[in-house]
Amino acid sequence: LAHLHETEPSLIFPGGRTSCFEDGSKYGFHVYPADTDKLYLHFQGGGACWSEMTSTTSMACKDGITGHYTVGIYNRSDDRNPFKSHTIVMVEYCSGDLFVGDKKQAYGNVTQRGYWNTRVVIDWVEANFGHGLRSLVIGGCSAGSLGAQVWTSTVLDELRYEHAAVVYDSYLPLFPAAAEPLIMNQWGMCNTPLIAGTHWESKCNAQQLTFGMLLQHAVKMHPHVTFAVLNSKGDETQQYFGNAIGMTFGTELPFFDDASYFRKANEFLQELNNYPNFVSFMVSGDMYSKHCFLGTRALYTATVNGTFLLEKNSKAWPSLGKHSTILDWLGDVINDGHRVRSDCFGKQVSRDNWNGISYCDDDQLPKVIRGRAAWAVADTLGQKFANWHAVTKHAGAPAESPLQAASLTTVAGLLLILTARALLIVLRRRRFRSSDIGGWRLAPDNHDHEALRPGTFME
């Protein structure tokens, strides 16, 4: 890292077992240097190739390295950018296997080594940031969102950090029935160190493993990490690939349209919403079908209602306050100590009234989580009370309580934090409910950076 250009992104070719789509082609990844104690690890988007047809006659995935990006979170000249001082390491995507494959296919000259491409990038990150990070963010767009979901636990477990957050942009693990195990087998995923030798191996070999299981496990096992989903209500790219995968594996079509996609998305998001460290941001309005936001200009202006102006007196205006832009919400997600909430524009209704895409699910709203720092204070005070109780119980004489030396204001503040933590524990055991608050693809695309080709640059 110390030898890279200080102000320009560098492309690193690691060699070894890495490869792009064509057998023997060179793999490389981009590094955007900045502060050495803040890292954003980004998984690039770029479709998927899961069959001979999608790999040869009707290419459905990105098969080469692209130029570097300069808009959205990559815009270092905009002071509003919450990633302006983060070193960005982009796991380039050119294998068509959602970053999990290790297989030379029998057709064409296709080699899918996404596992080794990703593994070598993480090894480089560990070698250069092994001293520990103040801020770690993991994210990805489109196919990169799915790749990030698979690799999140590995990255969080192997790196050292004070605060971490995860942002999955524009791809939920929604697949036609029985398709995921077949795709995993096609890419040789079960035989990679991601799965082989782990508790997932038997499920993978029995064709019972899903990408959703891996995501939920990551959220559950890292309760002090903020997990966030950024998605549009009717993402047309996710619908397109869902239908294409369904056609390949004989699923009744159409698997997705706007309404059915948003319903399936809410069903999965309800499961994630059971975890107190999870929030979502669902975009509608004129961007209801948009795919990917992090690397686009829309990041700075769009809200949950797209670019439409919000009517402050409308029934959909939340009593919690004005809808934030994606940029402001993203800043709250990645900054420790900030409050961040789930957001959606539309009338809140129960599952029985899910019709079209104009609604919001009332099981998921309101949902607010707080930064780790607040919970650390509460945990410390809770431990002091436990110790004090043990002393008074066994010594037979009252010991000075932790509150006796504290001011009334301090006590009140700490009690509020404890009360909030107790409420959070209760809510963990039930759904959050309230009625109080009114890549690259074959189909036409509508997000900026997936139109890049090898050797080109964004302006």
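The values are calculated or read from the model by the stated rules, or taken from the named source; none is laboratory data. Predicted model only: the values in this text are computed from it and were never measured. Don't worry about glycine lacking a Cβ; one is built from the backbone with ideal geometry, like all the others, and counts go over all protein chains shown. For accessibility, only protein heavy atoms count, side chains too; no ligands or nucleic acids. Shrake-Rupley method; radii C 1.70, N 1.55, O 1.52, S 1.80 Å.
Quick one: Val71 ticks every box in (1) out of contact with any Leu (no Cβ under 9 Å at 6 or more places or on another chain); (2) modelled with pLDDT under 95 bar one, so which box is it?
The failed condition is (1).
Read through the list (1) more than 22 Å from Thr237 (Cα to Cα); (2) in contact with a Pro (Cβ under 7 Å, 6 or more places away or on another chain), then give the number of the only condition that Val125 fails.
Of the numbered conditions (1) more than 22 Å from Thr237 (Cα to Cα); (2) in contact with a Pro (Cβ under 7 Å, 6 or more places away or on another chain), the odd one out for Val125 is (2).
Which ones in the range 14-31 are closer than 13 Å to Ile65 by Cα and small (Gly, Ala, Ser)?
Ser19, Ser25, Gly28
Taking the conditions exactly as written (of a type outside the set (Asp, Glu), over 23 Å from Asn231 (Cα atoms), in contact with a Ser or Thr (Cβ under 9 Å, 6 or more places away or on another chain) and outside any loop (DSSP other than H, G, I, E, B)), does Asn128 satisfy them or not?
Working: of a type outside the set (Asp, Glu): yes; over 23 Å from Asn231 (Cα atoms): yes; in contact with a Ser or Thr (Cβ under 9 Å, 6 or more places away or on another chain): yes; outside any loop (DSSP other than H, G, I, E, B): yes.
For Asn128, the condition - of a type outside the set (Asp, Glu), over 23 Å from Asn231 (Cα atoms), in contact with a Ser or Thr (Cβ under 9 Å, 6 or more places away or on another chain) and outside any loop (DSSP other than H, G, I, E, B) - is met.
Look at Phe227 and say whether it is open to solvent by less than 60 Å² (accessible area, probe 1.4 Å) and modelled with pLDDT of 95 or more.
Details: open to solvent by less than 60 Å² (accessible area, probe 1.4 Å): yes; modelled with pLDDT of 95 or more: yes.
So Phe227 passes the test.
Can you tell me which of Leu215, Leu253, Leu209 is within 26 Å of Lys290 (Cβ to Cβ) and modelled with pLDDT of 95 or more?
Working: Leu253 fails: modelled with pLDDT of 95 or more; Leu209 fails: within 26 Å of Lys290 (Cβ to Cβ).
Going through Leu215, Leu253, Leu209 in turn, just one is within 26 Å of Lys290 (Cβ to Cβ) and modelled with pLDDT of 95 or more: Leu215.
Can you confirm whether the range 152-163 contains a residue that is assigned to a strand (DSSP E or B) and among the charged types (D, E, K, R)? Give the steps one after another, and end with the answer.
Taking the range 152-163 as the starting set, the residues that turn out to be assigned to a strand (DSSP E or B) are 161-163.
Going one step further and asking which of them are among the charged types (D, E, K, R), we end up with 162.
Looking through the range 152-163, at least one residue is assigned to a strand (DSSP E or B) and among the charged types (D, E, K, R).
Can you pull out every residue in the range 29-67 that is farther than 23 Å from Glu126 by Cβ and within 21 Å of the chain's Cα centre (by Cα)? Give the steps one after another, and end with the answer.
Of the residues in the range 29-67, the ones farther than 23 Å from Glu126 by Cβ are 45-64, 66-67.
Scanning the range 29-67 gives Gly45, Gly46, Gly47, Ala48, Cys61, Lys62.
Would you mind finding the one in Asn109, Asn117 that is out of contact with any Pro (no Cβ under 9 Å at 6 or more places or on another chain) and of a type outside the set (Ser, Thr, Tyr)? Show your work before the answer.
Working: Asn117 fails: out of contact with any Pro (no Cβ under 9 Å at 6 or more places or on another chain).
On inspection, the qualifying residue turns out to be Asn109.
Kindly provide the set of residues from the range 307-338 that are modelled with pLDDT of 80 or more, touching a strand residue (DSSP E or B) at 6+ places or on another chain (Cβ under 6 Å), of a type outside the set (S, T, N, Q) and not in a helix (DSSP H, G or I), ordered by number.
Kept after step one, since they are modelled with pLDDT of 80 or more, are these residues of the range 307-338: 307, 324-336, 338.
Next, from what is left, pick out any that are touching a strand residue (DSSP E or B) at 6+ places or on another chain (Cβ under 6 Å): 325, 329, 332-334, 336.
Right, trim to of a type outside the set (S, T, N, Q) and you get 329, 332-334, 336.
Passing the criteria: only Asp336.
Only one residue in Ala179, Ala106 is under 27 Å from Phe249 (Cβ atoms) and out of contact with any helix residue (DSSP H, G or I) (no Cβ under 7 Å at 6 or more places or on another chain), so which one is that? Write out each step before concluding.
Numbers: Ala179 fails: out of contact with any helix residue (DSSP H, G or I) (no Cβ under 7 Å at 6 or more places or on another chain).
Only one candidate qualifies: Ala106.
Within the range 11-23, take every residue that is of a type outside the set (Val, Ile, Thr) and open to solvent by 20 Å² or more (accessible area, probe 1.4 Å) and give me the one that is nearest to Asn243 (Cα to Cα).
Going through the range 11-23, the residues of a type outside the set (Val, Ile, Thr) turn out to be 11, 13-17, 19-23.
If we keep only those that are open to solvent by 20 Å² or more (accessible area, probe 1.4 Å) too, we end up with 11, 13-17, 22-23.
Working: Leu11: 35, Phe13: 35, Pro14: 36, Gly15: 36, Gly16: 36, Arg17: 33, Glu22: 26, Asp23: 29 Å.
Among those residues, the one meeting the criterion is Glu22.
Would you be able to say whether some residue in the range 185-203 is at negative phi, part of a helix (DSSP H, G or I) and surrounded by 23 or more Cβ atoms within 10 Å (Cβ to Cβ)? Walk me through it before giving the result.
Filtering the range 185-203 down to residues at negative phi leaves 185-187, 189-196, 198-203.
Keeping just the survivors that are part of a helix (DSSP H, G or I) gives 185-187, 189-191, 201-203.
Checking which are surrounded by 23 or more Cβ atoms within 10 Å (Cβ to Cβ) leaves us with 187, 189.
The answer is yes, given that some residue of the range 185-203 is at negative phi, part of a helix (DSSP H, G or I) and surrounded by 23 or more Cβ atoms within 10 Å (Cβ to Cβ).
Can you tell me which residue in the range 241-268 is farthest from the chain's Cα centre (by Cα), limited to those that are more than 26 Å from Arg351 (Cβ to Cβ) and surrounded by fewer than 20 Cβ atoms within 10 Å (Cβ to Cβ)?
Of all residues in the range 241-268, those more than 26 Å from Arg351 (Cβ to Cβ) come to 244, 247-250.
If we keep only those that are surrounded by fewer than 20 Cβ atoms within 10 Å (Cβ to Cβ) too, we end up with 247-250.
Numbers: Met247: 27, Thr248: 27, Phe249: 27, Gly250: 29 Å.
This residue is Gly250.
Find the strands (runs of 3 or more DSSP E) located wholly in the range 24-112 whose residues include 3 or more that are under 20 Å from Asn185 (Cα atoms), in contact with a strand residue (DSSP E or B) (Cβ under 9 Å, 6 or more places away or on another chain) and open to solvent by 10 Å² or more (accessible area, probe 1.4 Å), and list them.
Details: elements: 29-32, 35-43, 86-91.
Here the list is empty.
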